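S.K.: Here it is: the structure, laid out below.
The values are calculated or read from the model by the stated rules, or taken from the named source; none is laboratory data. In this text, all values refer to a predicted model and were calculated from it rather than measured experimentally. Here the Cβ positions follow ideal geometry from the backbone for every residue, glycine too, while neighbour counts run over all protein chains shown. Just so you know, the surface numbers come from the protein's heavy atoms only, side chains and all, with ligands and any DNA or RNA stripped out. Shrake-Rupley method; radii C 1.70, N 1.55, O 1.52, S 1.80 Å.
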Amino acid sequence: MKLLFFFVTSFFWFSLYTYVPYVAPYAEYLGADLRLVGLIAGAYGFTQMAIRFPLGIFSDRIGKRKIFVVLGMAFAAAAGFVVFFFPSAYTLLLARALGGVAASAWVVFTVLGASYYPADKTAKAMGHLSACNALGRMAALLMGGLAAQWLGVEYAFLLGGIGALIGMATSATVKEKTKKTTQPPSDNNIHSNTNESNTNENDKPPPPTFAELLTVAKNKQLLCCSILGILCMFISFATTFGFIPLAASRLEANQIQIGLLGVVSTVPGIFMAPLAGSFMPKKFGACTTLVIGFLIAGVGSALVAFSNSLPSLFAVQIIGSIGIAIPSTLLLGLCIRDIPAPRRATAMGFYQAVYGIGMFLGPFVMGQISYALGLMTAFIFIGVVGVAGALLTIVYARRGNLVY
């Protein structure tokens, strides 16, 4: 079941990323100015910011995960098809909003994926899921690039829609690990009774109340990880998933080259996610690992401003992607490390809703700065955000709020 879920996870991200490198250039082609381009790119994060936390609460409240995985695939399909059949700057805005609704299901994906591992292996589970995330995105970027080059950009959106339909059919076969126990679940016993078939349903503890679930947001480590997540996603969605493809198009990159630029941003995640989820924090500590990641991401972002050729842009994209893969993976495990299992979807929903602020503000602010001061000035500003992330990590670590 674990391998099947990995397959579904990869298809989920495949469906959402076949067209991502072309969103900004295509929006400009359809007549959007840089401010609207930033709003289009930010819509993906805006809907996640609004939906993820209540989705996590609702999932914990009803004790169901699979249905949200299937619904996420359905919204991913709608996001791809709407642009293919009705191409315009405003349907592109709608599609990115729908894509954000779909991506909100990642809250449930991570919690369901973690349920297939022992409770003390959460960071390892997140590393494996992040690797599947990266593999799905890499395949999407490669195939989307070929579709865009040979058939037209709109066919990259069609490919995403088709991929989502395949993923939705596959996700219907996923099984949840139901927990049956006569004691309230905890991190220590949540996995101990999964095979008991003779437990009376009436012995199951009642689901947590909404008030109990909301107390999760008071967890200090969750709060610190969420704020750092804002900066992490601010950088990522302002650059890799925002304006770096636009910078490439202005260097006369073709559709395949823009797709390959997305691929080189994804490959580091495949290798860095497992390292950032276990090896690096054990070797260097969580704080040092996060600082390294933020600094590398900041340097990679700032260097885009000085990249005046495609080879140099590819090189700095690799640097920045290595950096951003580190905190994005490690924070995913840290944020729910000491959260009881029945409340983890709520905690993950809170974390992902808060970092959705960065997914929205990153491209939005990038668009505003680019419109007023130029694209290169905006990239230098993003580099400063990376340094800010490193400094804030040190502050939180010294307060004891980043325990691995």
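S.K.: Does anything in region 353-396 have its amide N under 11 Å from the 7 Å Cα→Cβ label point of Lys220, and if so which residues?
M.R.: 396
S.K.: What number, in percent, do you get for the relative contact order of the chain if the mean sequence gap of Cα pairs under 8 Å and at least 6 apart is divided by its residue count?
M.R.: Dividing the mean separation by the residue count of the chain yields 28 percent.
S.K.: Match the structure shown to one of the listed values (1) 65, 49, 33; (2) 65, 53, 44; (3) 70, 51, 42 of Cα extents along the principal axes in Å, computed from it, and give that label.
M.R.: (1)
S.K.: Sticking with this one: Relative to the first principal axis of the alpha-carbon coordinates of the chain, what is the inclination of helix 344-373, with its axis defined by its Cα atoms, in degrees from 0 to 90 and to the nearest 10?
M.R.: Its long axis makes an angle of about 10 degrees.
S.K.: Between Arg35 and Val395, what FRET efficiency comes out of the Förster formula 1/(1 + (r/R0)^6) with R0 = 35 Å and r the beta carbon distance, rounded to 0.05?
M.R.: Plugging the Cβ-Cβ distance into 1/(1 + (r/R0)^6) gives 0.60.
S.K.: Would you mind computing, in nm to one decimal, how far apart the modelled labels at Val403 and Lys64 are, each placed 7 Å from Cα along Cα→Cβ?
M.R.: Simple spin-label model gives 3.6 nm for this pair.
S.K.: Oh, and also: Which Cys in the chain stand alone, with every other cysteine's Cβ at 4.7 Å or more from theirs?
M.R.: When partners are defined as cysteine Cβ atoms under 4.7 Å apart, the chain leaves Cys132, Cys224, Cys232, Cys287 without one.
S.K.: For every helix of n ≥ 4 consecutive DSSP H residues, a contribution of -39,500 (n - 2.57) applies; sum these over the chain, divide by its total residues, and give [θ] at 222 nm rounded to the nearest 500 deg cm²/dmol.
M.R.: Rounded to the nearest 500, it is -25000 deg cm²/dmol.
S.K.: Given the pairs Lys66/Lys124; Lys64/Lys282; Lys220/Lys282; Lys124/Lys175; Lys124/Lys283; Lys2/Lys220, which span a C-alpha to C-alpha distance of over 24 angstrom in this model?
M.R.: The answer is Lys64/Lys282; Lys2/Lys220.
S.K.: Could you work out what % of the accessible surface of the chain is carbon and sulfur, using a 1.4 angstrom probe and leaving DNA, RNA and ligands out of the count?
M.R.: Answer for the chain: carbon and sulfur cover 67 percent of the accessible area.
S.K.: Can you tell me the order of 66-77, 248-259 when each peptide is scored by its average per-residue count of other Cβ atoms within 10 angstrom, highest first?
M.R.: Listed from highest to lowest mean packing, they are 66-77, 248-259.
S.K.: State, as an integer percentage, the relative contact order of region 1-143 based on alpha-carbon contacts under 8 Å between residues 6 or more apart.
M.R.: So the answer I get is 43 percent.
S.K.: Net charge within 13 Å of Phe241 by Cβ-Cβ distance, Lys/Arg positive one each and Asp/Glu negative one each, not counting Phe241 itself?
M.R.: Around Phe241, the charge tally is +2.
S.K.: Further question on the same structure: Give the residue from Ala156, Leu135, Gly333 lying farthest towards the positive end of the charge dipole for the chain; charges sit on Cβ (+1 for Lys and Arg, -1 for Asp and Glu) and the dipole is referred to the Cα centre.
M.R.: Of the candidates, Gly333 comes out farthest on the positive side.
S.K.: Taking R0 as 45 Å, what's the FRET efficiency between Leu373 and Ala211 from their Cβ-Cβ distance, rounded to 0.05?
M.R.: Given R0 = 45 Å and the Cβ-Cβ separation, E is 0.45.
S.K.: At a Förster distance of 35 Å, what's the computed FRET efficiency of Val384 paired with Lys124, Cβ-Cβ distance as r, to 0.05?
M.R.: With a Förster radius of 35 Å, E is 0.60.
S.K.: Turning to a different aspect of this structure: May I ask for the net charge around Cys224, where only other residues with Cβ less than 13 Å from the Cβ of Cys224 are counted and Lys, Arg are +1 while Asp, Glu are -1?
M.R.: Here the charged neighbours net out to +4.
S.K.: Further question on the same structure: Using a cut-off of 14 Å between beta-carbons, work out the net charge of the residues near Ala24 (Lys and Arg +1, Asp and Glu -1, Ala24 not included).
M.R.: Its environment carries a net charge of +1.
S.K.: Compute the accessible area per residue over region 278-404, keeping the other protein chains in place, probe 1.4 Å, unit Å².
M.R.: Result: 37 Å² per residue.
S.K.: Further, regarding this structure: Would you give the gap between the C-alpha center of region 74-138 and the C-alpha center of region 267-343, rounded to a whole Å?
M.R.: 19 Å
S.K.: I need to check one value: relative contact order of region 253-329, counting alpha carbon pairs closer than 8 Å and at least 6 residues apart, in percent.
M.R.: Relative contact order comes out at 44 percent.
S.K.: Same structure again: For a quick check, take a GNM of the chain with Cα springs below 10 Å and name the residue from Gly45, Gly333, Gly152 with the largest mean-square fluctuation.
M.R.: Gly152
S.K.: Can I ask one more? Calculate, for region 30-91, the solvent-accessible area per residue in square angstrom, rolling a 1.4 angstrom probe over the heavy atoms of the protein chains.
M.R.: About 40 Å² of surface per residue is accessible.
S.K.: Sticking with this structure for a sec: If one takes the longest principal axis of the Cα atoms in the chain, at what angle in degrees, from 0 to 90 and to the nearest 10, does the Cα axis of helix 66-85 lie?
M.R.: 20 degrees
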